[in-house]
1. Would a scan of the range 131-141 turn up a residue that is exposed (fewer than 14 other Cβ atoms within 10 Å of the Cβ), of a type outside the set (Gly, Ala, Ser) and at pLDDT below 95?
2. Within the range 234-253, how many residues turn out to be in a helix (DSSP H, G or I), closer than 25 Å to LEU206 by Cα and among the β-branched types (Val, Ile, Thr)?
3. For ALA234, state whether it is small (Gly, Ala, Ser), at pLDDT 95 or above and either open to solvent by 50 Å² or more (accessible area, probe 1.4 Å) or farther than 18 Å from TYR146 by Cα (or both).
4. Residues in the range 142-172 that are out of contact with any helix residue (DSSP H, G or I) (no Cβ under 6 Å at 6 or more places or on another chain), closer than 26 Å to GLN103 by Cβ, of a type outside the set (Gly, Ala, Ser) and open to solvent by less than 20 Å² (accessible area, probe 1.4 Å): how many?
5. Find all pairs meeting these conditions: Cβ atoms under 9 angstrom apart; at least six residues apart or on different chains; first residue within the range 195-216 and farther than 30 Å from ALA235 by Cβ and part of a strand (DSSP E or B); second residue open to solvent by 90 Å² or more (accessible area, probe 1.4 Å) and not aliphatic (A, V, I, L, M).
6. Quick one: ARG207 ticks every box in (1) of a type outside the set (S, T, N, Q); (2) open to solvent by 60 Å² or more (accessible area, probe 1.4 Å); (3) more than 21 Å from ASP130 (Cα to Cα) except a single one, so which number is it?
7. Count, please, the residues in the range 29-84 that happen to be more than 21 Å from ASP3 (Cβ to Cβ), in contact (Cβ under 8 Å) with a residue 24 or more places away in the chain and small (Gly, Ala, Ser).
8. Return yes when SER188 is among the polar types (S, T, N, Q), under 18 Å from the mean Cα position of the chain (by Cα) and more than 24 Å from VAL279 (Cβ to Cβ) and no when it is not.
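The values are calculated or read from the model by the stated rules, or taken from the named source; none is laboratory data. As the structure is a computational prediction, the values presented were derived from the model and not from experiment. Methodologically, a virtual Cβ is constructed for each residue, glycine included, from the backbone with ideal geometry; neighbour enumeration extends over all protein chains shown. Note: accessible area is taken over every heavy atom of the protein model, side chains too, but ligands, DNA and RNA are not part of it. Shrake-Rupley method; radii C 1.70, N 1.55, O 1.52, S 1.80 Å.
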Amino acid sequence: MTDPSKLMSIGSFSSLSRISVRMLRHYDAGGVLVPAWVDDATGYRRYAPEQLADAARIRELRDVGFGVSAIGALLAVFGSDTYADALRSQRRLLVDEAASARQRLALIERMLDRNDLENTLSDIEVQLIDIPAQTLVTLRGVIPVYAAEGELWARFMPELQRQRIAVTGSGGCIDHDAEFRESDVDESVFVETAADVEVQAPLVALRFPARRAVCATVTGPFAEVIPRAHDRIAAFVNDHGLRLARTRDELATHHFTVYRNDPNRVPEPEATISVVFPVV
């Protein structure tokens, strides 16, 4: 039992632990760091010196982004594999958030370099095109976010080689979702092949008829240029009285992207992609 004479006031404990009094009260209310003793008459909280170790862990968990409920659960399994797994998961999340922040900063710099919306869109090549009948070999899957498309390609390319599929045209990605999604994205990566190609699962050969589409071609980091391509296509469709051909069950009407050079072999600012929306 802690010697009552060694108990600290909440102010002293706050100073030593580098946790504010307000947050100490919050952690008390959440059952995360309960004072060693509370005066029933005054409500004054007093803490034991040995609680400083828990306070340090709480501060570290807080500083890397865990909330009160998660902190309480993690303290209960401190030193276990579960604790380490939670830290690794949080690390992956923070890496993703840092990448997103870098993309936003780069976009801000680009926005500051532009004078107005017309200048933003005028450097994008957009046109109405006729796509001839084509056969695509595809691999479909649900990925966490659009930027994780590489997960599909990592499975797709070895399978193409295993089945000895001859590629005759460009590769790209079909978006199967009817709306923009923030997670759980349904996509198919593809390459163009000969019309008589035969494939085995998990690959699927899709044969599309000739169709008309609006195509915007952009160069630069995908996360920055693809939204601009969509903006330019929307303006083009509106200006020319066109209508998107999209229907849920007809894959030939789904919008897709085509890689004009290999994004794995050129610097990101030099990657060129076409965004294609079938129209009527």
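1. There is no residue in the range 131-141 that is exposed (fewer than 14 other Cβ atoms within 10 Å of the Cβ), of a type outside the set (Gly, Ala, Ser) and at pLDDT below 95.
2. 1
3. When the stated conditions are applied, ALA234 does not pass them.
4. Counting residues in the range 142-172 that are out of contact with any helix residue (DSSP H, G or I) (no Cβ under 6 Å at 6 or more places or on another chain), closer than 26 Å to GLN103 by Cβ, of a type outside the set (Gly, Ala, Ser) and open to solvent by less than 20 Å² (accessible area, probe 1.4 Å) gives 2.
5. Hits for this filter: VAL204/ARG140; ALA205/GLU198.
6. (3)
7. 6
8. no
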